[in-house]
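Asker: First the structure, which I've put down as structure tokens, then a few questions once you've had a look.
What follows draws every value from the coordinates through simple rules; no lab data is involved. Since we're looking at a predicted model, the values are computed, not measured. FYI the Cβ positions are ideal-geometry reconstructions off the backbone, even for glycines, and counts take in every protein chain you see.
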Amino acid sequence: MAHVQSYAPRMAPETENKDVRELARYVERELETIAKALAEFTFLRVMVLHVAPEKPRDGMLAYADGTNWNPGSGEGHYGYINGSWTKLFP
């Protein structure tokens, strides 16, 4: 199984000296790091939630624990579709 690399931004360089080339190098390195992280993305891990997301939006995916948060059909993967949580794999 492939390891999924996450992305954590590095500190931007000081811009007091207004060196545009230094800032451009920083942005280029950050974009390369993001591209590598996305290229290695081979699976999606949905964390188990014990409470419903505060502001659900259509298209969200979640994994309900089925006990503390039960959207209606017990533990499992749910999608927020047309304003409600729908179990994806009944």
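Asker: Taking segment 49-87 only, how many residues are surrounded by 15 or more Cβ atoms within 10 Å (Cβ to Cβ) and in contact with a Phe, Trp or Tyr (Cβ under 7 Å, 6 or more places away or on another chain)?
Answerer: Residues meeting the conditions: 10.
Asker: Next up: Would you mind finding the one in 7, 80 that is in a strand (DSSP E or B) and in contact with an Asp or Glu (Cβ under 9 Å, 6 or more places away or on another chain)?
Answerer: 80
Asker: Farther than 24 Å from residue 7 by Cα, in a loop (DSSP other than H, G, I, E, B) and not acidic (Asp, Glu): does that describe residue 51?
Answerer: In short, yes.
Asker: Another question, then. Note down all Cβ pairs under 8 Å where the first residue falls in segment 19-32 and is part of a helix (DSSP H, G or I), the second is aliphatic (A, V, I, L, M), and they're at least six residues apart or on different chains.
Answerer: Between residues of segment 19-32 that are part of a helix (DSSP H, G or I) and residues that are aliphatic (A, V, I, L, M), the close pairs are 23/12; 26/12.
Asker: Could you check segment 33-70 and list, in sequence order, the residues that are more than 30 Å from residue 84 (Cβ to Cβ) and in contact (Cβ under 8 Å) with a residue 40 or more places away in the chain?
Answerer: Answer for segment 33-70, where residues must be more than 30 Å from residue 84 (Cβ to Cβ) and in contact (Cβ under 8 Å) with a residue 40 or more places away in the chain: just 42.
Asker: Turning to a different aspect of this structure: Taking segment 33-48 as the region of interest, how many residues are assigned to a loop (DSSP other than H, G, I, E, B) and polar (S, T, N, Q)?
Answerer: Number satisfying all stated conditions: 1.
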